[in-house]
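**Q** Please see the structure below; I have some questions.
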Amino acid sequence: MENLSIIHIDMDAFYASVEEHDNPKLKGHPVIVGGKSRHGIVTTANYEARRYGIHSAMPIFMARELCPSGIFIQPRMERYREVSNIVMDILYDVTDVIEQLSIDEAYLDISDIKQDPLYIAKTIKSEVFKQTGLTLSVGISYNKFLAKLASDWNKPNGIKIITSDMVPEILFPLPVKSVYGIGKKSAKKLNDIGIFTVDDLIRLSEEFLIELFGKSGGEIFDRIRGIDHRKVDTSRERKSIGSETTFNGVTNDMEILKSYLREFAYEIAQAMKDKGVQGRTITVKIKDENFVQHTKSKTINSYISSADEIYIIAGNLLSEINLEKNLRLIGLTISNLISLDLEQLSLFD
Ligand code: TTP
Ligand code: MG
């Protein structure tokens, strides 16, 4: 059997689920997250609200007409980023070969891990649920295109494996727009010549597709046959810099914890200097004696890079963490980075 080496994960109704989790009274009601003004649009809706036909990018006023009893909430990006960081940290515990596609979506290449892919997927799901109370959907396959298709298959809270022998059965009935690389315009081009499904599309020659779409025609030709050579691209480096330590034993001694944060702050400041970046989100992460992880983040308005500034914010965050339980681990990261070079360049734009 082929190598099921790619996992794609996607959080379920992400922003809406975070809102439900933080305010359980919302559970069971249609929840719509989006800009409040008349001209605002829906960023996402929970599955209850989707039953009314509400979806991302729909104008809010239209969503209100479809579902007057809906609960409309303004996005809290900082909170979503914080949860996203926890999820990504869990993925980085599995492997470093990760490509984060958006705030709630990532590919993992698990070729080097000697565990059953299904077991890895279940571990990710249970760990994410444990640490965030949220569900996600996981797709497993032998390439990126199929893994992403798979994560969408049993949403929400799904797991789906696509093997090569399933490809015709799964791909052929799909509308052409489900194929990665076929956007709205290309779909229209195809529909105009009577091609609606992958089953229609697969009858076209590679030459014809290249004629129609240029170079990407060849990729589409391969893709609908279940072939996709794209690698999980780790070059989009994680936009954060951090350090963490697992203690030999456990501790909740504030002075000891603070001395770690001070040391991390100096390491981070040095690394930022080397890379020529500044940042404005500071996150303190801890793992308690029961292995439960907590994070506290603060985003400030201005970019900072000095060890002292980082340390002061980190210390304040630490004081907000409940230290009744002993800790096994403490970590500090800075994210929301900008490159100083880029900023200087942009002055001349
Ligand atoms: P998605 O993963 O596309 O959507 P979702 O997580 O809300 O729902 P599901 O995956 O279960 O279908 O996007 C992730 C988040 O990104 C989403 O919660 C809100 C945000 N988003 C926008 O801000 N604008 C958009 O147009 C879309 C599609 C998403
Ligand atoms: Mg999602």
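The values are calculated or read from the model by the stated rules, or taken from the named source; none is laboratory data. Predicted model, so just to flag it, every value in this text is computed and none were measured. As a convention, Cβ positions derive from the backbone with ideal geometry for all residues, glycine included, and neighbour counts pool all protein chains shown.
**Q** Looking at Glu206, Glu255, Glu244, which is the one that is in contact with a helix residue (DSSP H, G or I) (Cβ under 6 Å, 6 or more places away or on another chain), of a type in the set (Asp, Glu) and surrounded by fewer than 18 Cβ atoms within 10 Å (Cβ to Cβ)?
**A** Glu206
The rows are residues; the columns are (1) under 27 Å from Glu48 (Cα atoms); (2) in contact with a Cys (Cβ under 9 Å, 6 or more places away or on another chain); (3) surrounded by fewer than 16 Cβ atoms within 10 Å (Cβ to Cβ); (4) modelled with pLDDT under 95.
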residue	(1), (2), (3), (4)
Gly139	yes, no, no, no
Asn143	no, no, no, no
Ala147	yes, no, no, no
Ser151	yes, no, no, no
Phe172	no, no, yes, no
Pro175	yes, no, yes, no
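**Q** I've got another one for you. What about Lys325, is it among the charged types (D, E, K, R) and touching a residue at least 60 places away in the same chain (Cβ under 8 Å)?
**A** yes
**Q** Can you tell me which residue is nearest to ligand 1 (Cβ to nearest atom) among those in region 50-63 that are assigned to a helix (DSSP H, G or I) and exposed (fewer than 15 other Cβ atoms within 10 Å of the Cβ)?
**A** The qualifying residue nearest to ligand 1 (Cβ to nearest atom) is Met62.
**Q** Continuing with the same structure: Picking from Leu91, Leu108, Leu118, which residue would you name as being more than 12 Å from ligand 1 (Cβ to nearest atom) and over 26 Å from Ser335 (Cβ atoms)?
**A** Exactly one of Leu91, Leu108, Leu118 is more than 12 Å from ligand 1 (Cβ to nearest atom) and over 26 Å from Ser335 (Cβ atoms), namely Leu118.
**Q** Residues that are within 16 Å of ligand 2 (Cβ to nearest atom): which helices (runs of 4 or more DSSP H) entirely in region 85-173 hold 2 or more of them?
**A** 117-132, 144-151
**Q** Collect the residues in region 155-172 that are free of Cβ contacts under 8 Å to residues at least 12 places away in the same chain and either within 16 Å of ligand 1 (Cβ to nearest atom) or among the acidic types (Asp, Glu) (or both), keeping them in residue-number order.
**A** Passing the criteria: Asp165, Glu169.
**Q** While we're on this one: How many of the residues in region 303-329 are part of a helix (DSSP H, G or I) and either of a type in the set (S, T, N, Q) or on the phi > 0 side of the Ramachandran plot (or both)?
**A** 2
**Q** The conditions are (1) touching a Lys or Arg at 6+ places or on another chain (Cβ under 9 Å); (2) within 11 Å of ligand 1 (Cβ to nearest atom); (3) in contact (Cβ under 8 Å) with a residue 40 or more places away in the chain, and Val83 fails exactly one of them. Which is it?
**A** (1)
**Q** For region 9-49, give me each residue that is more than 27 Å from Val94 (Cα to Cα), assigned to a helix (DSSP H, G or I), touching an Asp or Glu at 6+ places or on another chain (Cβ under 9 Å) and within 12 Å of ligand 1 (Cβ to nearest atom).
**A** Correct list: Tyr47 only.
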